[in-house]
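Contents: one structure, followed by commentary.
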Ligand code: NAD
Ligand code: ZN
C-alpha cells in the first residue's frame, strides 16, 4: 500500500510502498479517507531534536484521520465493516494503575500512532478496536479527520469551569483557536486569544472570540482595560509552547486563577514562580484526550452547533502532500487536509 514515510534521517517526508498491516484478533483495519497534518508531523518533517530522538526510521507517520472499517479481528465486537471511524491515537497498556482506574489518558506506557508505531498517512491503518471511535452520520469526513487535535482543545478547555469566566488563550494555532471557540461555545464571558501571527489571529476572529491580540504590536493590559477587566483572567489555556507567552499569561491571571498547559515548550522555560505562589494559581498539564470522555464531549459540542469548518483552510490530494506540508510550515494556514480517495 501507499504510505507517507520518514525514510531517511534528514528533513523531508516521502511517498513509499509498504506492506499492508496485519489485523490481530482485537484490531480494526481502517481504509483511510482523509488525513490532516499535525504540528507534530511538521516536527517530524523538519527532523528536529525531538523527532530525531523519537521517530524510528524508516516508519510511516500521521495520526489525524478518518476512514472506513475494511476488516476486523475475530474478537472485535461493536463495529461492522463499512463503519465510518476516527481513532484515539494514544494506545494505552490497560494494566497500569491509571489504566485500571479508568484514567487511560494518564497511562505511563502510552504509545503514539504515527510516533512510536506506524501511522495513518497510509492507505490502511490497524489500531486496537478499543481505540476506534464510531462517527455519527452528521459529522462530516473533514471534521472527523481533525477530532484528534480538536480533542486536545476540548480536553484542555474543559479542564476548568468556563461558564461566565474570562479566559486567556495564548497561541492561535489550530488547537488554540478551537479551544477559544469551545470556551465561547460553553459560555465563557471574555475569550481573549493571543499570537504574533496576523493570519492566525484573523482566523480566530471567525470564531467569535472577544479579542484576538497580536502581542508583538498590542499591549494585553490595554486590551483588558478596554474590556473592563481589572483583576485578571480566571482561566488560562496555554496553546503556544512559547515561554514568553506562558509568562505573559501568568502575569495577567487573577488570584486563584486556573491554568491548563497544552503547548510543548521547545526547551527549558523559566517562569516567575512568585506569580504562581502569591496568586495561588492552579496549573494543570494536559496530554492528549480523555479516553473516551473527551470524544463524547467533542461530538456533543459539534452537534450542539459549534461549526469548525473555518479552521479547515487548505485541502490537497495525497499526491500533493509536499504542498500540504509546505503550507503548514508557512504558518499561513489553519488545518491542512490530505485526501486519500
Ligand atoms: P501551532 O504551532 O500551530 O500554534 C502555536 C501558535 O503559537 C503559533 O500560531 C505561534 O505563532 C504562536 N505563538 C508563538 N509565540 C507566541 C507568543 N509569544 N504569544 C502567543 N502566541 C505565540 O500549534 P498547534 O498545532 O495549534 O498546537 C498547539 C501547541 O500544543 C503546540 O505547542 C503543540 O506542540 C502542542 N500540542 C500538545 C499536545 C499535548 O498532548 N500536550 C498535543 C498536540 C499539540
Ligand atoms: Zn496503562
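Quick notes on this one:
- In region 321-341, residue nearest to ligand 2 (Cβ to nearest atom) [restricted to those that are at pLDDT 95 or above, assigned to a loop (DSSP other than H, G, I, E, B) and in contact with a strand residue (DSSP E or B) (Cβ under 7 Å, 6 or more places away or on another chain)]: 340
Conditions tested, residue by residue: (1) out of contact with any strand residue (DSSP E or B) (no Cβ under 9 Å at 6 or more places or on another chain); (2) more than 8 Å from ligand 1 (Cβ to nearest atom); (3) not in a loop (DSSP other than H, G, I, E, B).
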{"site": "177", "(1), (2), (3)": "no, no, yes"}
{"site": "180", "(1), (2), (3)": "no, yes, yes"}
{"site": "188", "(1), (2), (3)": "no, yes, no"}
{"site": "223", "(1), (2), (3)": "no, yes, yes"}
{"site": "245", "(1), (2), (3)": "no, no, yes"}
{"site": "248", "(1), (2), (3)": "no, no, yes"}
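Let's see how each residue does on (1) more than 11 Å from ligand 2 (Cβ to nearest atom); (2) at pLDDT 95 or above; (3) part of a loop (DSSP other than H, G, I, E, B):
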{"position": "99", "(1), (2), (3)": "no, yes, no"}
{"position": "105", "(1), (2), (3)": "no, yes, no"}
{"position": "120", "(1), (2), (3)": "yes, yes, yes"}
{"position": "125", "(1), (2), (3)": "yes, yes, no"}
{"position": "130", "(1), (2), (3)": "yes, yes, no"}
{"position": "133", "(1), (2), (3)": "yes, yes, no"}
{"position": "136", "(1), (2), (3)": "yes, yes, yes"}
{"position": "142", "(1), (2), (3)": "yes, yes, no"}
{"position": "148", "(1), (2), (3)": "yes, yes, no"}
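- Every residue from region 78-107 that is in contact with a helix residue (DSSP H, G or I) (Cβ under 8 Å, 6 or more places away or on another chain) and loosely packed, with under 11 Cβ neighbours inside 10 Å: 78
- Given (1) under 21 Å from residue 312 (Cβ atoms); (2) surrounded by fewer than 15 Cβ atoms within 10 Å (Cβ to Cβ), index of the condition residue 49 fails: (1)
- Test: residue in region 270-288 that is under 21 Å from residue 168 (Cα atoms) and within 16 Å of ligand 2 (Cβ to nearest atom): yes
- Inside region 56-74, residues that are touching a helix residue (DSSP H, G or I) at 6+ places or on another chain (Cβ under 8 Å) and in a loop (DSSP other than H, G, I, E, B) make up a count of 4.
- Residue satisfying condition, being away from ligand 2 (no atom under 16 Å from the Cβ) and within 18 Å of the chain's Cα centre (by Cα), within set 112, 39, 12: 39
- A single member of 189, 211 is farther than 21 Å from residue 255 by Cα and surrounded by 16 or more Cβ atoms within 10 Å (Cβ to Cβ), and it is 211.
- Within region 75-97, the residues that satisfy the criterion of being away from ligand 1 (no atom under 16 Å from the Cβ) and not in a loop (DSSP other than H, G, I, E, B) are 84, 85, 97.
- Criterion: surrounded by fewer than 24 Cβ atoms within 10 Å (Cβ to Cβ), farther than 18 Å from residue 261 by Cβ and in contact (Cβ under 8 Å) with a residue 24 or more places away in the chain - qualifying residue of 111, 201, 158: 201
The values are calculated or read from the model by the stated rules, or taken from the named source; none is laboratory data. Keep in mind that this is a model prediction, so the values were computed, not measured. Note: ideal-geometry Cβ built from the backbone for every residue, glycine included; neighbour counts use all protein chains shown.
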